[in-house]
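S.K.: To start, I am sharing the structure in question, which I have written as structure tokens.
The values are calculated or read from the model by the stated rules, or taken from the named source; none is laboratory data. Being a predicted model, the structure only gives us computed values, none of them experimental. Using ideal geometry, Cβ is built from the backbone for each residue, glycine included, and neighbour counts are taken over all protein chains shown.
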Amino acid sequence: MFRSVRGMKDLYGRESDKFDFILSKFKSVGERYGFGMIYTPILEYTDVFLRSIGDETDVVSKEMYTFLDKGEESVTLRPEGTAGVIRAVVCEHMDQCLPVKLMYCGEMFRYDRPQKGRFRQFRQFGLEYIGDKSPHTDAITIAIAADCIRSIGFFDFKISLNSLGDDETRENYTKAIVKYFSRHEDRLSDESKSRLRKNPLRILDSKDKQDIEICSMAPILMDYLSKESRTYFNRVCSLLGDYEINYEIDNFLVRGLDYYSHTAFEIHPTAGSYREALGGGGRYDKLLSIFGGQEASGIGFAIGIERLMFLMDEFFTQQKKRKVAVVPVSEAETSTAFAIFRDLQNCQIASEFIHLGNLGKKMKIADRLGCDIAIIIGENEIQSKTVTLKFMNNREAENKNKTVRGADLIQFLRTTLDNQPACT
């Protein structure tokens with residue numbers, strides 16, 4: 001039998017319902033803050049990621065799906081969303097009218113060991129706020145990320161926050177950590193020994209246990225912030241307090257991508273068994289110019305939707321939209337039943353039309369499809385201009401069935417079903 005590629009899952013049924021629920025909530029939050037959707041290609045030229053993410057990052061050096069196309073061009077399945085969005089902003093000349101506020105959602109691809117909350121094909125929601133560099137914009141962007149998590153009903157999380165500073169900060173800090181790690185080079189992993197010569201800041205992102213122990217005593221980046229960077233970061237923290245955002249300073253948070261500067265943050269759950277980052281982001285000052293655009297700063301974040309889906313499994317009983325089934329008893333009532341089904345759809349009432357098989361089989365199908373009410377139309381109902389409603393989830397016999405006049409059916413369903421929109 002054929003099977004799916006390892007680390008790439010089909011999304012259907014309850015899982016697709018959770019995905020749609022999360023995305024709808026996140027898009028609503030983004031729209032409230034004035035962001036519009038952008039859909040970029042899944043496939044980009046490899047240089048889009050090499051030039052922006054950094055060739056010494058784990059993403060580029062280990063995890064990208066890169067291959068030559070039939071034209072002998074090197075192309076890559078996108079491992080993250082920001083680079084493609086910024087490339088699009090420059091290519092479509094959106095950077096000529098700043099600020100630009102864009103949100104996105106789609107598949108990302110990284111070759112990594114599949115585990116809980118980590119797949120080789122996964123989905124992210126993110127947004128980019130481009131062309132407005134100020135502590136207020138940083139605080140607003142972090143607040144949007146927090147609002148997204150809250151919008152699905154989850155409140156047990158914290159924001160880990162750090163500043164990566166400006167060029168002056170990075171230069172001074174790099175000298176300090178090179179000096180520190182050089183004293184411990186014999187204990188570093190082979191990968192970190194290589195990074196010590198090429199990109200020493202990446203050592204702080206190592207997952208090797210021995211490296212993590214050495215990093216715990218490394219110089220703190222905050223101690224090397226330039227005066228301008230420190231003032232900027234202190235203002236961001238002050239504004240987050242005004243937003244009542246629960247955050248803590250993480251001195252070793254550097255994020256996994258090279259384009260970040262100044263503010264960097266991650267979102268971590270504080271309850272439940274799953275404690276990996278749900279998402280994160282930060283400010284970037286040079287991405288637009290890397291792609292040939294004007295000098296302009298931006299800030300953004302991305303949230304892993306599959307990771308939130310794990311939280312929903314642990315903490316929530318998903319409230320599905322209630323649904324009805326329209327069931328003719330026999331072939332003779334099919335036309336009448338179909339007319340009722342069409343009326344329900346016109347009034348945006350979630351419904352199924354079930355007309356194949358005998359009545360028992362139809363009711364089993366209605367139950368399997370998760371219908372809460374079955375609208376049964378037989379010969380007696382047509383003659384009396386009524387319908388019989390069978391409440392599928394009610395175990396009390398006296399409350400299982402109800403007869404309703406056909407003319408009153410829509411209004412009855414509106415008041416009986418949860419969260420049904422009005423007929424227009």
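S.K.: Scanning for something surrounded by 13 or more Cβ atoms within 10 Å (Cβ to Cβ), without any contact (Cβ under 8 Å) to a residue 40 or more places away in the chain and among the hydroxyl-bearing types (Ser, Thr, Tyr), does region 75-90 turn up at least one residue? Quick ask: steps written out before the conclusion?
M.R.: Narrowing region 75-90 to residues surrounded by 13 or more Cβ atoms within 10 Å (Cβ to Cβ): 75-90.
This time we only want the ones that are without any contact (Cβ under 8 Å) to a residue 40 or more places away in the chain, so: 75-79.
The next check asks that each one be among the hydroxyl-bearing types (Ser, Thr, Tyr); those that pass are 76.
The answer is yes, given that some residue of region 75-90 is surrounded by 13 or more Cβ atoms within 10 Å (Cβ to Cβ), without any contact (Cβ under 8 Å) to a residue 40 or more places away in the chain and among the hydroxyl-bearing types (Ser, Thr, Tyr).
S.K.: Now for a separate question. Tell me which residues, restricted to region 293-306, are at pLDDT 90 or above and either surrounded by fewer than 19 Cβ atoms within 10 Å (Cβ to Cβ) or under 20 Å from the mean Cα position of the chain (by Cα) (or both). Full working, then the answer.
M.R.: Quick first cut of region 293-306, residues at pLDDT 90 or above only: 296-306.
The answer is Gly298, Ile299, Gly300, Phe301, Ala302, Ile303, Gly304, Ile305, Glu306.
S.K.: Hey, among the residues in region 1-22 that are of a type in the set (A, V, I, L, M, F, W, C) and surrounded by fewer than 10 Cβ atoms within 10 Å (Cβ to Cβ), which one's farthest from Tyr111 (Cα to Cα)?
M.R.: Among those that are of a type in the set (A, V, I, L, M, F, W, C) and surrounded by fewer than 10 Cβ atoms within 10 Å (Cβ to Cβ), it is Met1.
S.K.: Pick out the one residue from Asp258, Asp250, Asp242 that is acidic (Asp, Glu), touching a strand residue (DSSP E or B) at 6+ places or on another chain (Cβ under 7 Å) and touching a residue at least 24 places away in the same chain (Cβ under 8 Å). So that I can check it myself, show each step before the final result.
M.R.: On the way: Asp258 fails: touching a strand residue (DSSP E or B) at 6+ places or on another chain (Cβ under 7 Å); Asp242 fails: touching a strand residue (DSSP E or B) at 6+ places or on another chain (Cβ under 7 Å).
One residue alone meets the criteria, Asp250.
S.K.: On to the next question. Just to be sure I understand, how many residues within region 25-39 are part of a helix (DSSP H, G or I) and surrounded by 12 or more Cβ atoms within 10 Å (Cβ to Cβ)?
M.R.: Initial filter on region 25-39 (part of a helix (DSSP H, G or I)): 25-32.
Cutting the leftovers down to surrounded by 12 or more Cβ atoms within 10 Å (Cβ to Cβ) gives us 25-31.
Qualifying residue count for the region: 7.
So that you can scan it fast, the table gives a plain yes or no per residue for (1) at pLDDT 85 or above; (2) among the charged types (D, E, K, R):
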site	(1), (2)
Asp190	yes, yes
Lys193	yes, yes
Arg202	no, yes
Asp208	yes, yes
Ile212	yes, no
Met217	yes, no
Ser226	yes, no
Ser229	yes, no
Val236	yes, no
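S.K.: Which condition does Lys400 not pass, out of (1) at pLDDT below 90; (2) out of contact with any Phe, Trp or Tyr (no Cβ under 8 Å at 6 or more places or on another chain), if it passes all the others?
M.R.: Failing condition for Lys400: (2).
S.K.: Given the conditions (1) over 19 Å from Arg405 (Cβ atoms); (2) of a type in the set (Phe, Trp, Tyr); (3) buried (at least 17 other Cβ atoms within 10 Å of the Cβ), and given that Phe341 satisfies all but one, which numbered condition is not satisfied?
M.R.: Of everything listed in (1) over 19 Å from Arg405 (Cβ atoms); (2) of a type in the set (Phe, Trp, Tyr); (3) buried (at least 17 other Cβ atoms within 10 Å of the Cβ), Phe341 misses just condition (1).
S.K.: Is there any pair linking a residue in region 171-193 that is over 15 Å from Ile212 (Cβ atoms) and outside the structural domain of Asn251 (by TED's automatic domain parsing) to one that is in a helix (DSSP H, G or I) and among the hydrophobic types (A, V, I, L, M, F, W, C), with Cβ under 8 Å and at least six apart or on different chains, and which?
M.R.: Matching pairs, first to second residue: Tyr173/Leu201; Tyr173/Leu221; Thr174/Leu201; Val178/Leu196; Ser182/Leu196; Glu185/Leu196.
S.K.: Scanning for something closer than 18 Å to Ile203 by Cβ and touching a residue at least 60 places away in the same chain (Cβ under 8 Å), does region 220-239 turn up at least one residue? First the steps, then the outcome.
M.R.: Step one: of region 220-239, the residues closer than 18 Å to Ile203 by Cβ are 220-224.
Filter once more, keeping what is touching a residue at least 60 places away in the same chain (Cβ under 8 Å): 222.
Yes, the conditions are met somewhere in region 220-239.
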